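Q: Let me begin by handing over the structure; questions about it come next.
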Amino acid sequence: MIEPVVDTGSRVNSMASNKTYMKRGILANKADVNIETIRYYENIALMPTPMRSEGGHRVYSNNDLKKLSFIRRCRELGFTLDEIKGLLGLVDSRNYTCSEIRDITTEHLSDVKQKIRDLKKMERSLKDMVSECNSSLHPDCAIIETLFS
């Protein structure tokens, strides 16, 4: 575990402290994501470039944990990475209203509802194809014929 450290720019000093930092593996465990996910989010600038300890290790703050948890939750709700970048941009700039966030979420909800309608249509089509299949041991298959039509 990393000792408490003080933020001194892009490097952290382990001498004194009012902040504690954690290594990437601990951050991943606490946020319930894979280490590779954190690397990916850093590469696409969804997560900021981490600070480094005096020894050169990447270190993360509780704010990084909060941001990563926010991203994970947004992903669970189906927000795209671009939508999450937009939300984080608003949050980081502190230039948003609750009404704006509601509008973004309402638009996303509309997209989710459309996807559900599309999935139900796919389900009906697949059920129809399966019901046409007689499960014979011959190569003639109603499902294949339907897919080619």
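Q: Can you tell me how many residues in the stretch 52-72 are modelled with pLDDT of 95 or more, charged (D, E, K, R) and either surrounded by 12 or more Cβ atoms within 10 Å (Cβ to Cβ) or farther than 12 Å from A31 by Cβ (or both)?
A: Selection size over the stretch 52-72: 3.
Q: Listed residues G56, G78; which is at positive phi, in contact with a helix residue (DSSP H, G or I) (Cβ under 7 Å, 6 or more places away or on another chain) and assigned by TED's automatic domain parsing to the domain that holds T20?
A: So the residue among G56, G78 that is at positive phi, in contact with a helix residue (DSSP H, G or I) (Cβ under 7 Å, 6 or more places away or on another chain) and assigned by TED's automatic domain parsing to the domain that holds T20 is G78.
Q: Moving on. The conditions are (1) without any contact (Cβ under 8 Å) to a residue 12 or more places away in the chain; (2) under 24 Å from the mean Cα position of the chain (by Cα), and E145 fails exactly one of them. Which is it?
A: E145 satisfies all of (1) without any contact (Cβ under 8 Å) to a residue 12 or more places away in the chain; (2) under 24 Å from the mean Cα position of the chain (by Cα) except (2).
Q: Are any of the residues in the stretch 110-119 among the hydroxyl-bearing types (S, T, Y) and either surrounded by 12 or more Cβ atoms within 10 Å (Cβ to Cβ) or modelled with pLDDT under 95 (or both)?
A: Within the stretch 110-119, none of the residues are among the hydroxyl-bearing types (S, T, Y) and either surrounded by 12 or more Cβ atoms within 10 Å (Cβ to Cβ) or modelled with pLDDT under 95 (or both).
The values are calculated or read from the model by the stated rules, or taken from the named source; none is laboratory data. These figures come from a predicted structure and were not determined experimentally. All Cβ positions, glycine included, derive from the backbone under ideal geometry; neighbour counts span all protein chains shown.
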